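Before any comments, here is the structure.
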Ligand code: FO1
């Protein structure tokens, strides 16, 4: 049942963010969810333009995601990768046969001068997605992971080296010259959103790149819409991915409080509400002391019901 008529902007990386995006898409009227997607993971591989977080959002919102792998398409086949392996080509980053069509088509469209937002929109329409997925910017922004004297392109750190190197920091090449997504900026200028949600994505490599695009976080802060962040850390652990490991290595407390401190220090005044899991209820006073309203909910999303319930909780909270 579509009980809510709000228009929601959700900032998201890949898997964790896409789960909440799916819940929000179910909770609002068709077309009323706009997802601002991290493209700091984007890279060129085998001559193709890969946009991993956009792909995860496209596949999740269309119900086609591979839930075992956490990326790519369900029911995938790997014929091309097997053939490439025989040629001793690069197979550390695995592209499924059907997923490859997405990358081939996107790369060809971009080469013809179609913009990344337009290509993403066309892919979403083709997959029957009513929500809008907006790349954070059109320019290529490349995340570099700094690790004790080594600089690793993000996918080399994440996939090739399985997040094993100890991180000492991150940089986002190209970000100073990037422009925030024009459609999202226009909607923000028109007070087009009733709620802004920062999904439980990795603060350092999924949300920071979005917020650090020039004018982005200050525009979000100045919007009339309340901004709600859902902690990606629950009981001192990340539900998926390397966020907790990164926090430990960076000397940030591996708790929802550590997440709140990160956002409050880097983006003062941005957060209105901070949603923590029931298991972290004892942190609420310390988080509230940072000047944000704390809300407590079950935030672990295993089923579609969990996702919808958390989405409705967020919309009720601000409504
Ligand atoms: N993640 C992996 O761990 N291994 C892969 O081989 C891999 C391939 C891949 C292909 C297309 C795509 O869109 C995503 C892919 N991912 C893979 C996921 C992805 O690189 C990461 O989950 C994100 O960059 C982190 O958000």
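The values are calculated or read from the model by the stated rules, or taken from the named source; none is laboratory data. Values in this document were obtained by computation on a predicted structure and should not be read as measured data. As a convention, Cβ positions derive from the backbone with ideal geometry for all residues, glycine included, and neighbour counts pool all protein chains shown.
In the set (1) within 15 Å of the ligand (Cβ to nearest atom); (2) surrounded by fewer than 24 Cβ atoms within 10 Å (Cβ to Cβ), the condition left unmet by residue 75 is number (1). Taken together, the residues in segment 133-181 that are within 14 Å of the ligand (Cβ to nearest atom), more than 16 Å from residue 212 (Cβ to Cβ), part of a strand (DSSP E or B) and touching a residue at least 60 places away in the same chain (Cβ under 8 Å) amount to 2. Scanning segment 9-25 turns up no residue that is under 26 Å from residue 108 (Cβ atoms) and more than 16 Å from the ligand (Cβ to nearest atom).
All of 96, 31, 63, 89 fail the test of being away from the ligand (no atom under 12 Å from the Cβ) and over 30 Å from residue 230 (Cα atoms), apart from 89.
Taking the criterion of being closer than 22 Å to residue 302 by Cβ and in a helix (DSSP H, G or I), the residues of segment 246-282 that qualify are 256, 259, 278, 279, 280, 281.
Residue count for segment 205-253, restricted to those that are touching a strand residue (DSSP E or B) at 6+ places or on another chain (Cβ under 7 Å) and without any contact (Cβ under 8 Å) to a residue 40 or more places away in the chain: 2. Residues in segment 120-132 that are assigned to a helix (DSSP H, G or I) and either surrounded by fewer than 14 Cβ atoms within 10 Å (Cβ to Cβ) or touching a strand residue (DSSP E or B) at 6+ places or on another chain (Cβ under 9 Å) (or both): 120, 121, 123, 124, 125, 126. Of the numbered criteria (1) closer than 21 Å to residue 64 by Cβ; (2) out of contact with any strand residue (DSSP E or B) (no Cβ under 6 Å at 6 or more places or on another chain), the one residue 90 fails is (1). Checked against (1) modelled with pLDDT under 95; (2) surrounded by fewer than 16 Cβ atoms within 10 Å (Cβ to Cβ); (3) away from the ligand (no atom under 15 Å from the Cβ), residue 4 meets all criteria but (2). Considering 36, 110, 84, the condition of being over 22 Å from residue 143 (Cα atoms) and within 16 Å of the ligand (Cβ to nearest atom) is satisfied by 84 alone. Of the strands (runs of 3 or more DSSP E) lying entirely inside segment 30-81, those carrying at least 3 residues that are in contact (Cβ under 8 Å) with a residue 40 or more places away in the chain are 33-37, 48-50.
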